[in-house]
Amino acid sequence: MEPAVPPDQPHLHLRRTARMVRHDRHHSPVWAWLVVIFSILVATGIAVAGFATVAVFVAYEPKKVHMEVTKAHVKRLDYGGHGQDIINDIGFSVDIVCYNDNARSPALFSHLHISVRIQGVEIAELRAWTFNVSRLSSKRLHYDVQAKGAALHTARARRALQGVIAGKPEIGFVLTGWVRLVFAYGLV
């Protein structure tokens, strides 16, 4: 049963009912709905942009360029002799070929920097100026290197030098480095 409302205060009953109705039906503010709609639009836009990026990448089918050493030859080796683990002088030549297998775009190589190591000890650095490799082609880089003064600190390096002393003509070089690469797309 409803409580009795005194006849001299009918507005009291209306206020109580209005408050009860307002609390029973929950309304979110307009700004909350705008935030939800904006978030959905942003998420949809990011998903569409991601799919478009993947589609363009697949459509262009870019091939990676690669570099390989085609020839390396030690011309001269002067070492400290038996009991000394020092390379006094070494001369060698290295041919590096840069391949561009991409059919759509030439590749621009810049800041080429290669470190030449014998068993972990750096003996030389190879560098090149900026150069361009056309589509589906290659470019050969030839280096004649004269290196001086490398102390072999590791046991593996000492074994490699002892192998040369013993008459085994193989010296293991490791070339590591980096290059900045730019592809030109569009009307090239």
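Bear in mind that the values in this text are calculations on the coordinates, not laboratory data. Because the structure is a prediction, the values reported are computed rather than measured. Note: ideal-geometry Cβ built from the backbone for every residue, glycine included; neighbour counts use all protein chains shown.
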Exercise. What's the FRET efficiency of Lys148 with Ser110 using the Cβ-Cβ distance as r and R₀ = 30 Å, to the nearest 0.05?
Worked result: 0.60
Problem set entry | Inter-probe distance in nm under a simple model that places probes 7 Å from Cα toward Cβ, at Asp89 and Asn132 | 4.2 nm
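Regarding segment 95-135, what's the average projected area of the Cα-atom convex hull, expressed in nm²?
Mean shadow area of the hull around the Cα atoms is 3.6 nm².
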For this session: Give me the distance in nm between label points sitting 7 Å out from Cα along the Cα-to-Cβ direction at Arg180 and Phe51, one decimal.
Result: 3.7 nm
Problem set entry | Inter-probe distance in nm under a simple model that places probes 7 Å from Cα toward Cβ, at Phe173 and Ala32 | 7.1 nm
